[in-house]
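Presented below is the structure to which this report refers.
The values are calculated or read from the model by the stated rules, or taken from the named source; none is laboratory data. In this text, all values refer to a predicted model and were calculated from it rather than measured experimentally. In this analysis, Cβ positions are derived from the backbone assuming ideal geometry, glycine residues included, and neighbour counts consider all displayed protein chains. To get the accessible areas, we keep the full protein, side chains included, count just its heavy atoms, and leave off ligands, DNA and RNA. Shrake-Rupley method; radii C 1.70, N 1.55, O 1.52, S 1.80 Å.
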Amino acid sequence: MNFGVVGYGYWGPNIVRNLMALEGSQVRMIADLSPAARTRAQKAHPGVKVTASASELIQSTEIDAVAVISPVWTHYELTKQVLENGKHAFVEKPFTSTAAQAEELVELAAQKNLKIMVDHTFLFTGAVKRIAQLVDEGALGNLYYYDSTRVNLGLFQHDINVLWDLAPHDLSIMDYIIKASPEAVVATGQGHLNGHEDVAFMTLYFPDKVIAHINVNWLSPVKVRTTLIGGEKRMLVWNDLEADEKLKIYDKGVDITSREGVYQMLVSYRSGDMWAPQLEQVEALRQEMSYFVDCVTSGAEPFNNGIAGLRVVRMLEAASESLKQRGALIRL
Ligand SMILES: NC(=O)c1ccc[n+]([C@@H]2O[C@H](COP(=O)([O-])OP(=O)(O)OC[C@H]3O[C@@H](n4cnc5c(N)ncnc54)[C@H](O)[C@@H]3O)[C@@H](O)[C@H]2O)c1
């Protein structure tokens, strides 16, 4: 499969490197508006045609699929052009700036029988795959909560706030493991430097009393990537910065019983073993790109398709509405 890649900033080089390493795919062209980015791309990949024009790349007859790795506000226009030119699209997260744009692209791809995959990279990590498996097997029991802290210093994005930058990771993970859509969203936050919120908190209410909370922050002195998932039977802690034991599962919980004639509830705390399962050690992006090539080749629909991207954008849109109203409850 011959690829074109639009956007060679921070993330684009990772996409190009992984596509180059895959059997059965080549990068034929790279487009970037920035001369410095074009120089870097040409130096790293002398055999690839580098251009300033995304349209030239998108219209090229040499190319079967385009990876859109540019800022969020450009995703809709570029992906629309890609689909109109009969090519499959791999699009960065978050898929688009509005749900209406995402809906239009999903419809266009269906009409043209083309694939859209949205880069929800974390769904291809060993940790998230294992968490999804544990939830599916019922190892955690009924879920109670998902609570994530994703904070660091920068990188400030110029076109979006910290929610649109960092929360898509957690929203796509929740969408994948909870397998239900949230009923309502509350978000609060504050911008201190460039007008966009750089510190934000988001709460999502799911059916069956499942609650989720995400803390995202570009002004944190330390980097933290820790997620707690609590269930009726077991609870887990996923520390993505940990080298070896990223995932720890605790056989801890609370049992409540009430005996006939005893009006007070009897609460007992269970504190059993902790274990850290072995996780698959492969580069998530490599697996994801390989899955994209497979889906296009076989005609299978990717699970992280445009509709999955749309679900995440809907949650982000609701969060933006809530932010504007200083934490109003927005129903989905
Ligand atoms: N999946 C992940 O874990 C992950 C990580 C980082 C970034 N991202 C996503 O990747 C995308 C890009 O982020 P980044 O951090 O690389 O941004 P960046 O600003 O570093 O790079 C974007 C590049 O796109 C170029 N560009 C912009 N408009 C263009 C156009 N019309 N034609 C050609 N080139 C154009 C810019 O010149 C720039 O070099 C964003 O959607 C971001 O959310 C995803």
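Data overview
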| quantity | calculated |
| --- | --- |
| Prolate/oblate/rounded call for the range 23-98, Cα gyration tensor, a/c under 1.5 rounded | oblate |
| Whether the range 273-321 is rounded, prolate or oblate, judged on the alpha carbon gyration tensor where a/c under 1.5 counts as rounded | oblate |
| Heavy-atom accessible area per residue - the range 1-83, 1.4 Å, Å² | 45 |
| Apportionment of accessible area to carbon and sulfur, the chain, percent (1.4 Å) | 51 |
| Charge context of residue 241, other residues only, Cβ under 14 angstrom, K/R +1, D/E -1 | +1 |
| Exposure rank, largest accessible area first [56, 23; 1.4 Å] | 23, 56 |
| Among 271, 322, 181: highest mean-square fluctuation, GNM of the chain, C-alpha pairs under 10 Å | 271 |
| Partners for residue 179 among aspartates and glutamates (Cα-Cα distance below 18 Å; same-chain residues under 8 apart left out) | 136, 137, 147, 170, 208, 232, 301 |
| Solvent exposure ordering (accessible area, 1.4 Å, most first) of 279, 19, 155, 266 | 155, 266, 279, 19 |
| Gaussian network model of the chain, Cα within-10 Å springs - most flexible of 284, 127, 180 | 180 |
| Solvent-accessible surface ranking, highest first, for 58, 330 at 1.4 angstrom | 330, 58 |
| Overall form of the range 134-286 per C-alpha gyration tensor (a/c, 1.5; a/b vs b/c) | prolate |
| Directionally averaged projected area (convex hull, Cα atoms, the range 69-225), nm² | 10.3 |
| Per-residue SASA entry for residue 11, accessible area with 1.4 Å probe, Å² rounded to 10 | 80 |
| Cα long-axis angle, helix 72-84 against the chain (0 to 90 degrees, to the nearest 10) | 60 |
| Taking N as its residue count, the alpha carbon Rg of the range 39-78 over 2.2 N^0.38 Å | 1.27 |
| Separation of alpha-carbon centers, the range 53-109 and the range 117-180, rounded to whole Å | 24 |
| Over 24 Å (Cα to Cα) - which of 223/324; 93/129; 129/324 fall in this group | 223/324; 129/324 |
| Between 0 and 90°, nearest 10: helix 162-177 axis offset from the chain longest Cα axis | 70 |
| Efficiency of FRET between residue 103 and residue 266 - r from beta-carbon atoms, R0 45 angstrom, step 0.05 | 0.30 |
| Translational diffusion of the chain, µm² s⁻¹ [Kirkwood Rh, Cα pairs; Stokes-Einstein; 25 °C; 0.890 mPa s] | 115 |
| Cleavage-rule hits (trypsin sites (Lys or Arg not before Pro)) in the range 213-307: DSSP loop, at most 10 neighbouring Cβ within 10 angstrom | 259 |
| Helix 306-324 axis, angle to the chain major axis (alpha carbon atoms, nearest 10°) | 70 |
| Ratio of Rg to Rh over the range 92-175 (Cα coordinates, Kirkwood Rh, two decimals) | 1.03 |
| Simple spin-label estimate for residue 224 and residue 252 in nanometres, 7 Å along Cα-Cβ | 1.6 |
| Solvent accessible area, Å² - residue 288, 1.4 Å probe, full protein context | 0 |
